[in-house]
Amino acid sequence: MPPQSETFVHFIVALPAEAKPLIAHYRLKRRVGEDAFAVFEKEGISLTVSGIGKVATAAAIGYTHVLFGKRKNAVWLNVGVAGHREHPLGSVWIAHKITDAETGRRWYPSICFRAHCPSAEIRTVSQPETEYARECLYDMEAASVVETATRFSSGELVHCLKVISDNRQSVVWDIDPARVTTWVENAIDVLLYTKQALRHLAGEVIPKRQPNPEIWTSRWHFTVQERLQLERLLHRWRVLNDDLPLPEVPKAERGRDILIWLKDAVERLPVRLASSHS
Amino acid sequence: MIDTLYVEEAVRGHPRVADILRRFPEARVVGCERYGEVFNPKAQNFGLQKHRPALIVAEKFKNFILPAPAGYGIGARRNYYFSHLLNCLYDCRYCFLQGMYQSAHYVLFVNYEDFQSEIRRIAKETPGEATHFFSGYDCDSLALEPVSGFAASFLPFFRDLPDAWVELRTKSTQVRTLLDTEPLSNCVVAFSFTPKEIAAALEHKTPDPHKRLRAARRLQQHGWPIGLRFDPIVYQDDWRTIYRSMFAEVFATLDPERVHSVSLGLFRLPEAFFRRMSGLYPEEKLFAGPLASRNGMVSYGPELEREVWGFCEREILRYVPAERFFACQA
């Protein structure tokens, strides 16, 4: 499994027919021994087939989060079908507002990149929608995706991409899995672009590799408080000194003496903001 | 510049909103009930949103005008601030807004007339005494002027209210509205300056300090009272050289005799803001520097603070008299 300092993308899809094109494109392998959900993976990508509806989706996201090491600020991308009264079948949309039709709760996903498809409001419903009463997309998972995945990642990294599968001319009961797969296949460029844009954003907020305090804590004893001070001082050293190695550590009996020495070394470093790499 | 507009349904028909919608015909327009639905949720990252901040157009209902914090002022006994706009077009790494708000989206309150009624009421409490109103506390007063029309609306208002002073605090060079307006003696256009080395490292998306200085000079020549805000002073190892050089340049470009006020403040943040900001930008050297925590605030250690403050104060007082110099410790 890639380390926590690398970006990770979780695809959440409700149906096997929606998953097929992504599995084929990324050549994902099914994870053996997972019975609760079908989980596929390959180097920095996972795909979980959640099943239909909010409860299944929430469970799948929680399961995936734990299964892949509780990654902070992973990308969560929900790919699936949705209905709209008149949008053409196969057209692709990204959610800019999501409403849970049952509870009335609303979310506003921040689209911090140049989207390669138009955006729309999604209403997440518990039963398939056939009236299309409002000017929005209807699906059965999006509200659950944002509500659950934003517990684990920042909202800017959690998005829902929807392909139109039904409208007033072609009702929801007529959808067949082969057509769904074709629509998602045809949308693959938008999906790949979106995934890449989000991965790029995620790269800005995943924790950088930190100096390993174990090297220090294995030689000297530090209290919990002292260990926090040690980590902070090592971080300051790395940031101010552009990753240059520390000078030779003096002989010391106690962790406290090491902290005094390290603090002095950090305080002596020149502060040159201009070369900041933030 | 702005590709998403969130509009509170209640102000969709407001004339200022109509102007804004016309200005961004390509933007996605998303309706919302209250701006807090978009602005306040916890799972947001200020830094990521800075890539493409949205504009949220809203109505404010209360707390239009608030007392300025103690230690924030330029000579009046009564000091207030108001925020028609939350957040800033610019992206200064030291700015406390990053620590205060969950979101980097701009919130524009379009009911200016309600702010103005409250300003009028407060100013009339003490006839004949100047009351100062600061407009650039939670935003840059002028940077979004082409969209907000803030100065265009508020300057005529203050012209009719001579006991009320307004400070427009800015790093912007958007001074067209001011140059097209007869100067107001009760409006201070206050420019923030840092040395170019610090600006290059920390003040992202801001106009170059030289351009700011030229904008300030044009306004001063036009007759506007100009304020100078050296706040925050930021430490780096050649701080004496770069700050001395900046003070010399600023006071050589502007006429010190006609500078309304100069204020000075060191880099400082409430502890909670500092924690959030250093978490947002863990690789930022500013936050790894010689800082110390005292009384809930993070700033430079006492010795360094005294040294930097004393130096800057002495330098400034070479150019302006003490009665026009103000320490900003809020």
Pairing the Cα long axis of helix A:177-186 with the longest principal axis of chain A, what angle in degrees results, from 0 to 90 and rounded to the nearest 10? 50
What list of ³J(HN,Hα) values in whole Hz, one per residue of the range B:88-93 in order, does the Karplus curve 6.51 cos²θ - 1.76 cosθ + 1.60 (θ = phi - 60°) give from phi, with Gly and Pro shown as x? 10, 5, 8, 9, 7, 5
Once you place label points 7 Å from the Cα toward the Cβ at residue B:10 and residue B:252, how far apart are they in nm? 5.4
For chain A, built as a Gaussian network whose Cα springs stay under 10 Å, the top-fluctuating residue of A:20, A:263, A:70: A:263
Residues of the range B:33-51 with accessible area at least 50 Å² lower in the all-protein-chain context than alone (1.4 Å probe)? B:37, B:43, B:48, B:51
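Taking the range B:205-306, which trypsin sites (Lys or Arg not before Pro) meet the DSSP loop condition and have no more than 14 other C-beta atoms within 10 Å? Mind showing how you got there, number by number?
Working: sites: B:205, B:211, B:212, B:214, B:217, B:218, B:229, B:240, B:244, B:258, B:268, B:275, B:276, B:285, B:294, B:306; in loops: B:205.
Here the trypsin sites (Lys or Arg not before Pro) that fit, given the DSSP loop and packing criteria, are B:205.
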Nearest 5 is fine: what % of DSSP beta bridges in chain A come out antiparallel, could you say? 35
Name the residues whose placed amide hydrogens come within less than 5 Å of the amide hydrogen of residue B:204, ignoring near sequence neighbours (fewer than 5 apart) on the same chain. B:91, B:92, B:93
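Which of rounded, prolate, oblate describes the range B:226-301, given a ≥ b ≥ c as roots of the alpha-carbon gyration tensor eigenvalues and a/c under 1.5 marking rounded, otherwise prolate only if a/b is larger than b/c? It would help to have the intermediate numbers written out before the result.
Working: a/c = 2.80, a/b = 1.99, b/c = 1.41.
It is prolate, given that a/c is not under 1.5 and a/b is the larger ratio.
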Amide H contacts of residue A:38 (H built 1.01 Å from N, under 5 Å, at least 5 apart or other chain): A:49
First select every other residue whose beta carbon is under 11 angstrom from the beta carbon of residue A:255; then total the charges, Lys and Arg +1, Asp and Glu -1. +1
Phi angles of the range B:50-55, converted by Karplus (6.51 cos²θ - 1.76 cosθ + 1.60, θ = phi - 60°) into ³J(HN,Hα) in whole Hz with x for Gly and Pro, give 5, 4, 8, x, 8, 10
Please work through chain B and write down the cysteines that have no neighbouring cysteine Cβ at a distance under 4.7 Å. B:32, B:88, B:139, B:187, B:312, B:328
20 Å reach of a label modelled at residue A:193, 7 Å along Cα-to-Cβ, counting backbone N of the range B:46-64: B:51-53
Dividing the Cα radius of gyration by the Kirkwood radius, what Rg/Rh value follows for the range A:144-278? 1.28
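For the range B:114-189, what relative contact order do you get, as a whole percent, if you take Cα pairs closer than 8 Å and at least 6 residues apart? Intermediate values should be presented prior to the final figure.
Details: 91 pairs, mean separation 27.3, N = 76.
Normalised by residue count, the contact order of the range B:114-189 is 36 percent.
With contacts defined as alpha carbon pairs under 8 Å and 6 or more residues apart, what's the relative contact order of the range B:182-330 in percent? Please report the intermediate quantities before stating the final value.
Values: 173 pairs, mean separation 37.0, N = 149.
For the range B:182-330, the relative contact order is 25 percent.
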Amide H partners (placed H, <5 Å) of residue B:7, local residues excluded: B:30, B:31, B:32, B:57
Between residue A:32 and residue A:263, what FRET efficiency comes out of the Förster formula 1/(1 + (r/R0)^6) with R0 = 45 Å and r the beta carbon distance, rounded to 0.05? 0.35
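Restricting attention to the range A:92-185, which GluC sites (Glu not before Pro) occupy a DSSP loop and are surrounded by at most 10 other Cβ atoms within 10 Å?
Values: sites: A:102, A:121, A:129, A:131, A:135, A:141, A:147, A:156, A:185; in loops: A:102, A:129, A:131, A:135, A:141.
Sites meeting the loop and neighbour criteria: A:131, A:135.
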Can you tell me which of A:84-95, B:120-131 comes out highest on packing, and rank the rest after it, using the mean Cβ neighbours within 10 Å? A:84-95, B:120-131
How many nm is it between the label spots at residue A:249 and residue B:62, if each spot is 7 Å from the Cα in line with the beta carbon? 5.6
A 21 angstrom limit on the alpha carbon distance is what I want to check against. Which of A:72/A:208; A:29/A:97; A:72/A:195; A:208/B:285 exceed it? A:29/A:97
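The values are calculated or read from the model by the stated rules, or taken from the named source; none is laboratory data. Predicted, not measured: the structure shown is a model, and the values here were computed from it. All Cβ positions, glycine included, derive from the backbone under ideal geometry; neighbour counts span all protein chains shown. Note: areas computed on protein heavy atoms with side chains; ligands, DNA, RNA excluded. Shrake-Rupley method; radii C 1.70, N 1.55, O 1.52, S 1.80 Å.
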